[in-house]
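Colleague: Just dropping this structure here.
Nothing in this text is a laboratory measurement; each read-out follows from the coordinates by a stated rule. Values in this document were obtained by computation on a predicted structure and should not be read as measured data. Using ideal geometry, Cβ is built from the backbone for each residue, glycine included, and neighbour counts are taken over all protein chains shown.
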Amino acid sequence: MKKASIAPSLLAADFGNLQHDVEMVNASEATYHHIDVMDGVFVPNISYGMPVVKAIHKYATKPLDVHLMIVDPDRYLEEFANLGAHILTVHYEACTHLHRTIQAIKALGMKAGVALNPHTNVMLLEDIIQDIDLVLIMSVNPGFGGQSFIDNTYEKIKKAKELITRKKSSALIEIDGGVTSANSKQLVDAGADILVAGSFVFKSEDPTATIKELKG
């Protein structure tokens, strides 16, 4: 059976003890550190900026999976490359010239991801799916942690998988929002490759064991 890669979302980490939480993820069975960057404009919340990403990178031994929930992400691509982002994901809804943005991310040596809000149809990626490394499907409305999972996500994953197969793309499917051990297997069975979990991991009694459980 296929096992998911787990990307704990550091948005739910203890910022007073960030090094400790980053090192916990390093020592766990997680594959990535997931970093949500929000600007208060594209989404109704502000998370953290460059200095915090720099601090995470300093202690991280696993790749940084950076999710930009910001308007005009093109202005910051180079900065995130310099901060050590391994995957840089931009929102379909925030990019006027998405193909150009993806090419710019790759030219900077990063893997390129495209995120879709819950209302955005997967088929809008048809012309670009072969150019991207990751499709991030938001299974909650972006902006805040701890929200309820949107059930339509399973159908969306299946559509994304069909599109990837049909276009012979190597893109992975990542799910972000409301992921728990109650739905992780169903998500993987539908076609998900990477599961992002924030509060479910960091608010659990044993985050390392929770990551292992999510991995399946």
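Colleague: Taking +1 at the Cβ of each Lys and Arg and -1 at the Cβ of each Asp and Glu, which of PHE42, TYR32, GLN19 sits farthest along the dipole of the range 16-97 towards its positive end, judged by Cα position relative to the Cα centre?
Modeller: Of the listed residues, the answer is GLN19.
Colleague: Can you find, among PHE149, LEU68, ALA4, the residue farthest towards the positive end of the dipole of the chain? Put +1 on the C-beta of Lys and Arg, -1 on that of Asp and Glu.
Modeller: ALA4
Colleague: Of LYS111/LYS215; LYS54/LYS161; LYS54/LYS106; LYS158/LYS185; LYS156/LYS203, which pairs sit farther than 24 Å apart, going by alpha carbon to alpha carbon? Before the final figure, lay out each step's value.
Modeller: Numbers: LYS111/LYS215 22 Å; LYS54/LYS161 34 Å; LYS54/LYS106 20 Å; LYS158/LYS185 14 Å; LYS156/LYS203 28 Å.
Violating the 24 Å Cα-Cα cut-off are LYS54/LYS161; LYS156/LYS203.
Colleague: Would you mind ranking PHE202, PHE149 by Cβ crowding within 10 Å, fewest neighbours first? Before the final figure, lay out the partial values.
Modeller: Values: PHE202 20, PHE149 17.
By the 10 Å Cβ count, ascending, the order reads PHE149, PHE202.
Colleague: Another one. Which value in deg cm²/dmol, rounded to the nearest 500, describes the helix-derived mean residue ellipticity at 222 nm for the chain, given -39,500 (n - 2.57) per DSSP H run of n ≥ 4 and division by the residue count?
Modeller: Values: 8 runs with 70 residues, N = 216.
Theoretical 222 nm ellipticity from helices: -9000 deg cm²/dmol.
Colleague: Over all Cα pairs of the chain, how is the pair count split among 10 Å bins, expressed in % and running from 0 up to the last occupied bin?
Modeller: 9, 38, 40, 14, 0
Colleague: How large is the charge dipole for the chain, taken about the Cα centre, if only the Cβ atoms of Lys, Arg (+1) and Asp, Glu (-1) carry charge, to the nearest 20 debye? All intermediate terms of the calculation are to be shown ahead of the outcome.
Modeller: Details: 20 positive and 26 negative charges, 118 e Å.
Here the chain has a charge dipole of around 560 debye.
Colleague: Still on this model: In whole Å, how far is the Cα centre of the range 29-93 from that of the range 1-15?
Modeller: 14
Colleague: State the antiparallel share, in %, of DSSP beta bridges confined to the chain, rounding to the nearest 5.
Modeller: On the way: 1 of 33 bridges.
Bridges in the chain that DSSP calls antiparallel: roughly 5 percent.
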